[in-house]
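Chemist: Take a look at the following structure, please.
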Amino acid sequence: MVSDRRASVVDAVGSGASSVQAIDPTTVVDAPPARAIGAFVFVMLFGGVLLWRFDGFVDQSVDSSMERLTVSTVYGVTAHACVLFFGVYFFGQVTRLSANRLVVAGAGAAVAVAVVGLAGLGLTVVGARLTELVGERRPWYGLVVGAVLGASAWLLPAAAASLVVWVLLVSVGIGGPTREWIHASRAPATEADT
């Protein structure tokens, strides 16, 4: 009787059931509009937290990144490479040491937060600079502008092209703080001695 009921449900649904089963969840995530919406939301979230808690750091980042734009971009790409290397290394070590899926998922989430945090800072810095070009610097408006730029990058049909544009945009914004952080160990007294 149960198998008759199942057969009648399958017959009632018809061929629509087979098309629903054919949908792979990754096709939704890989669609450019879904990537763009996700990018917009995450940049707004992380950039908003940065502006709320560390607005002075964001202002300083705009100044340092735009002071030497080409150099900042190179430092930003270097920061991406370091985060990628250490993120993959950290994730690999956690998966090697723990069979617990929750721990592995936590490690993946930590790496994702680091990547999205960098993106939130970088795109907020770029957006704040763009608002300054048309008037006064407005970091909160810059956050929206940066999130729109980041989302627009993911609307490109090829995911590889989207990633390249995304990394370059973010690199412009994070390069200045990265350069200052790398060279922070140089004390003025040390420079005077050389």
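The values are calculated or read from the model by the stated rules, or taken from the named source; none is laboratory data. Worth saying up front: this structure is predicted, and the values here are computed from it rather than measured. FYI the Cβ positions are ideal-geometry reconstructions off the backbone, even for glycines, and counts take in every protein chain you see. Side chains are part of the model used for accessible areas, which takes the heavy atoms of the whole protein and leaves out ligands, DNA and RNA. Shrake-Rupley method; radii C 1.70, N 1.55, O 1.52, S 1.80 Å.
Chemist: Only one of these conditions is not met by Leu51: (1) open to solvent by 40 Å² or more (accessible area, probe 1.4 Å); (2) at pLDDT 60 or above; (3) within 21 Å of Ala151 (Cα to Cα). Which number is it?
Modeler: Condition not satisfied by Leu51: (1).
Chemist: Would you check which residues across the stretch 122-151 are open to solvent by less than 60 Å² (accessible area, probe 1.4 Å), farther than 14 Å from Ser61 by Cβ and touching a residue at least 24 places away in the same chain (Cβ under 8 Å) and list them?
Modeler: The answer is Ala147, Leu149, Gly150, Ala151.
Chemist: Of the conditions (1) under 20 Å from Leu45 (Cβ atoms); (2) in contact with a Ser or Thr (Cβ under 9 Å, 6 or more places away or on another chain), Gly117 clears all except one; give me its number.
Modeler: Only one criterion in (1) under 20 Å from Leu45 (Cβ atoms); (2) in contact with a Ser or Thr (Cβ under 9 Å, 6 or more places away or on another chain) is unmet by Gly117, namely (2).
Chemist: I'd like the full set of residues that are closer than 15 Å to Trp181 by Cβ and free of Cβ contacts under 8 Å to residues at least 12 places away in the same chain, limited to the stretch 82-103.
Modeler: Initial filter on the stretch 82-103 (closer than 15 Å to Trp181 by Cβ): 82-83, 86.
Within the stretch 82-103, Cys82, Phe86 qualify.
Chemist: Using the structure shown, decide if Thr73 is in contact (Cβ under 8 Å) with a residue 24 or more places away in the chain, of a type in the set (Ser, Thr, Tyr), in a helix (DSSP H, G or I) and closer than 21 Å to Val49 by Cβ.
Modeler: Considered against the rule, which asks whether it is in contact (Cβ under 8 Å) with a residue 24 or more places away in the chain, of a type in the set (Ser, Thr, Tyr), in a helix (DSSP H, G or I) and closer than 21 Å to Val49 by Cβ, Thr73 comes out as no.
Chemist: Filter the stretch 132-188 down to residues that are over 15 Å from Ala36 (Cα atoms), over 13 Å from the mean Cα position of the chain (by Cα) and part of a helix (DSSP H, G or I), then give me how many there are.
Modeler: Counting residues in the stretch 132-188 that are over 15 Å from Ala36 (Cα atoms), over 13 Å from the mean Cα position of the chain (by Cα) and part of a helix (DSSP H, G or I) gives 17.
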